[in-house]
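*Asks:* Have a look at this one.
The values are calculated or read from the model by the stated rules, or taken from the named source; none is laboratory data. Every value quoted in this text rests on a predicted model; they were computed, and no experiment measured them. Using ideal geometry, Cβ is built from the backbone for each residue, glycine included, and neighbour counts are taken over all protein chains shown. What goes into the accessible areas is simple: the full protein's heavy atoms, side chains included, and nothing from ligands, DNA or RNA. Shrake-Rupley method; radii C 1.70, N 1.55, O 1.52, S 1.80 Å.
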Amino acid sequence: MTQNLADTSRPAAAPTAANAGESRGWWRDAVIYQVYPRSFADSNGDGMGDLPGIRSRLPYLRDLGVDAVWLSPFYASPQADAGYDVADYRAVDPMFGTLLDADALIRDAHALGLRIIVDLVPNHSSDQHEWFQRALREGPASPLRDRYHFRPGKGENGELPPNDWESIFGGPAWTRTENPDGTPGDWYLHLFAPEQPDFNWENPAVADEFRSILRFWLDMGVDGFRIDVAHGLVKAEGLPDIGAGDQLKLLGNDVMPFFDQDGVHEIYRSWRRILDEYPGERIGVAEAWTPTVQRTANYVRSDELHQAFNFQYLSTYWDSAALREVIDLSLDSMRPVDAPTTWVLSNHDVTRHATRFGNPPGNTQIRTPGDRELGLRRARAATLLMLALPGSAYLYQGEELGLPDVTDLPDEVRQDPSFFRKAGQDGFRDGCRVPIPWSGTEAPYGFGPTAGGPSWLPQPAEWAALSVEAQTGDPTSTLELYRSALAVRRAQPALGGGTEVTWLDSPEGTLAFRRDSATGEEGGSFVCTVNTTAEAVTVTAPGRVLLCSTGNTEVTGDQAVLQADSTTWWAV
Ligand code: NOJ
């Protein structure tokens, strides 16, 4: 099933434009743009995004000013969880293209100075993966069963699941199998959908296989891996009961026997050794939901991964005090391990921040559109705040267009597996996965090659006005704000780098902090002011306005008016 490239003679880790002229720690302050391949650009008009589509849009990303692109999974997959159910880790799903397309995409990106990070899904495979299929076919005696978690059920006839664990997507985390002779058999563990059986990382064949998969993609030239469910690989010995229901609510607060077990760190130490064998500072990024930022810091110790997503920041509402607290906490937690803090506001699993901030404070899954104008205004301000912080920032495709979540998708088009399993995660993630509007006045707005052509999720009519084409050249547009912000970030040595912010006194409901150039260059200091209130606030102008999220910070003499829900960047 695994595809092979014709060009097998190419040396491993051939030097690339991205690798050439290596800078120490490029990832420490990188802006990394997440592409969700299903929804970015569709080259062949089948309604589904693909690798040639992404490739054709790389110049857009270069011009936007990002440093690297993280691609959500494009591997061979039955798409039970939009590609996070991988049937073959070394093959591209035909829906997205071929390995040759992946190779061309990586080469083109490097030629444009962009790095490529691919998604790795080591916690579980697809139930269509060859190992799992053989384990089922060969029955209880199959040695392949030990590569997953197969267990006999409880109860007189094994009719009850082996323990009380619940799936993140709802329902029990176990599904019963049928023996080859048709009788009811053992159960297998799946923390997510039944189509996503969890690997048993105690089995050495699993560890070997993933080390080989890492090398496969590193040899292809990728610059790093985003590691899915990085906190889930190792389960507590004996798979003990939790003893409580509604377990989703415990996640992120309590230590669970299936998450954030200390044993995961040995795996990442072995992966780091592999990453370090390759030139060009290849990186690993942990998707690790842990109870505290201090626990998250364990994943980025100097001999483990390079970055971990900062979900505490993503979960913080638009409120100056809460933001200051989470910023301090994030920076303080990463300092002891000398890892950069990361910042993220949106991704393919949460409601877009333009919609979250137009709704009252709540969780990261919001079902109502809220106040669109307010949400966008705050989202623009939140982005400028994020890009002013020391460390690496993640952007999710479409946020640069100010896209809201699509909260009114009809049930029949939804594909999020948790939508169909109710009791678990909310299941409304399709709302942030609607294809990108590029141009034109008729759907799919340049997402596919033909006006009136299909897109796997329908786009709202209002998105014609939000397309890349419609926003380009309009100085008030969100796209131009992102372009300017990223250009200023590149030009200002005090932005992104370093690990410190110096808080300045500022009125209630506002934030002000200074960033000094790590190199101590003249004129390299920078101040960011943020107003999270609904009223304009007058302050002493800290310097010269570089950029403002509302486009109009009024300065009269030494007095500056910070507009409601705005962020301003100042050169000092
Ligand atoms: C996290 C991914 O971001 C999400 O989309 C996926 O459903 C789960 N992991 C399971 O792989």
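*Asks:* Looking at Gly551, is it in contact (Cβ under 8 Å) with a residue 12 or more places away in the chain and open to solvent by less than 60 Å² (accessible area, probe 1.4 Å)?
*Replies:* Considered against the rule, which asks whether it is in contact (Cβ under 8 Å) with a residue 12 or more places away in the chain and open to solvent by less than 60 Å² (accessible area, probe 1.4 Å), Gly551 comes out as no.
*Asks:* Restricting to the range 219-236, give me the number of residues that are within 16 Å of the ligand (Cβ to nearest atom), over 24 Å from Asp254 (Cα atoms) and either in a loop (DSSP other than H, G, I, E, B) or without any contact (Cβ under 8 Å) to a residue 12 or more places away in the chain (or both).
*Replies:* Total meeting the criteria: 0.
*Asks:* Considering every residue within the range 54-64, establish whether at least one is acidic (Asp, Glu), open to solvent by 10 Å² or more (accessible area, probe 1.4 Å) and in contact with a strand residue (DSSP E or B) (Cβ under 7 Å, 6 or more places away or on another chain).
*Replies:* Going through the range 54-64, the residues acidic (Asp, Glu) turn out to be 63.
Now restrict to residues that are open to solvent by 10 Å² or more (accessible area, probe 1.4 Å): 63.
After this cut, where a residue has to be in contact with a strand residue (DSSP E or B) (Cβ under 7 Å, 6 or more places away or on another chain) as well, the list is none.
No, there is no match, as no residue in the range 54-64 is acidic (Asp, Glu), open to solvent by 10 Å² or more (accessible area, probe 1.4 Å) and in contact with a strand residue (DSSP E or B) (Cβ under 7 Å, 6 or more places away or on another chain).
*Asks:* For the range 56-142, which fully contained helices (runs of 4 or more DSSP H) count at least 2 residues that are more than 16 Å from the ligand (Cβ to nearest atom) and closer than 25 Å to Thr177 by Cβ? Can you show your working first?
*Replies:* Numbers: elements: 58-64, 99-111, 130-138.
Those helices (runs of 4 or more DSSP H) span 130-138.
*Asks:* Output the residues belonging to the range 417-458 that are under 21 Å from Ala354 (Cα atoms) and acidic (Asp, Glu).
*Replies:* Asp426, Asp430
*Asks:* Of the numbered conditions (1) modelled with pLDDT under 95; (2) surrounded by fewer than 19 Cβ atoms within 10 Å (Cβ to Cβ), Leu495 satisfies every one except a single condition; which is it?
*Replies:* Single failed check for Leu495: (2).
*Asks:* If I ask for residues that are open to solvent by 30 Å² or more (accessible area, probe 1.4 Å) and outside any helix (DSSP H, G or I), which ones from the range 259-307 would you list?
*Replies:* Gln261, Asp262, Gly263, Pro279, Glu281, Trp289, Pro291, Thr292, Arg301, Ser302, Asp303
*Asks:* Follow-up question, since we're still on this one. Give the residue that is nearest to Val285 (Cα to Cα), with candidates limited to residues of the range 194-218 that are away from the ligand (no atom under 16 Å from the Cβ) and among the aromatic types (Phe, Trp, Tyr).
*Replies:* Trp217
*Asks:* Which members of the range 335-382 meet the condition of being in a helix (DSSP H, G or I), within 19 Å of the chain's Cα centre (by Cα) and of a type in the set (A, V, I, L, M)?
*Replies:* Ala354, Ala379, Ala382
*Asks:* Further, regarding this structure: Can you work out which of the residues in the range 223-274 that are closer than 19 Å to Phe309 by Cβ and among the polar types (S, T, N, Q) is modelled with the lowest pLDDT?
*Replies:* Here the residue is Asn253.
*Asks:* Hey, another quick one. Here are some residues: Arg377, Arg414, Arg421. Which one is touching a residue at least 40 places away in the same chain (Cβ under 8 Å), within 16 Å of the ligand (Cβ to nearest atom) and open to solvent by 10 Å² or more (accessible area, probe 1.4 Å)?
*Replies:* Values: Arg377 fails: within 16 Å of the ligand (Cβ to nearest atom); Arg414 fails: touching a residue at least 40 places away in the same chain (Cβ under 8 Å).
The conditions single out Arg421.
*Asks:* Tell me, which strands (runs of 3 or more DSSP E) lie completely within the range 511-572 with 1 or more residues that are aromatic (Phe, Trp, Tyr)?
*Replies:* Output list reads 526-531, 566-571.
*Asks:* Can you tell me which residue is farthest from the chain's Cα centre (by Cα) among those in the range 203-218 that are surrounded by fewer than 16 Cβ atoms within 10 Å (Cβ to Cβ) and touching a residue at least 12 places away in the same chain (Cβ under 8 Å)?
*Replies:* Here is the first cut: in the range 203-218, the ones surrounded by fewer than 16 Cβ atoms within 10 Å (Cβ to Cβ) are 204-205, 208, 211-212, 215-216.
Adding the requirement that they be touching a residue at least 12 places away in the same chain (Cβ under 8 Å) leaves 205, 211, 215-216.
Details: Ala205: 28, Arg211: 22, Arg215: 22, Phe216: 22 Å.
Result: Ala205.
*Asks:* Residue by residue through the range 162-193, note down the ones that are within 16 Å of the ligand (Cβ to nearest atom), part of a loop (DSSP other than H, G, I, E, B) and farther than 28 Å from Leu99 by Cα.
*Replies:* Correct list: Trp165, Ser167, Ile168, Phe169, Gly170, Gly171, Ala173, His190, Leu191.
*Asks:* Show the residue pairs that are 6+ apart or on different chains and have beta-carbon atoms under 8 Å apart, the first residue being within the range 118-133 and open to solvent by 10 Å² or more (accessible area, probe 1.4 Å), the second being at pLDDT below 95 and within 14 Å of the ligand (Cβ to nearest atom).
*Replies:* none
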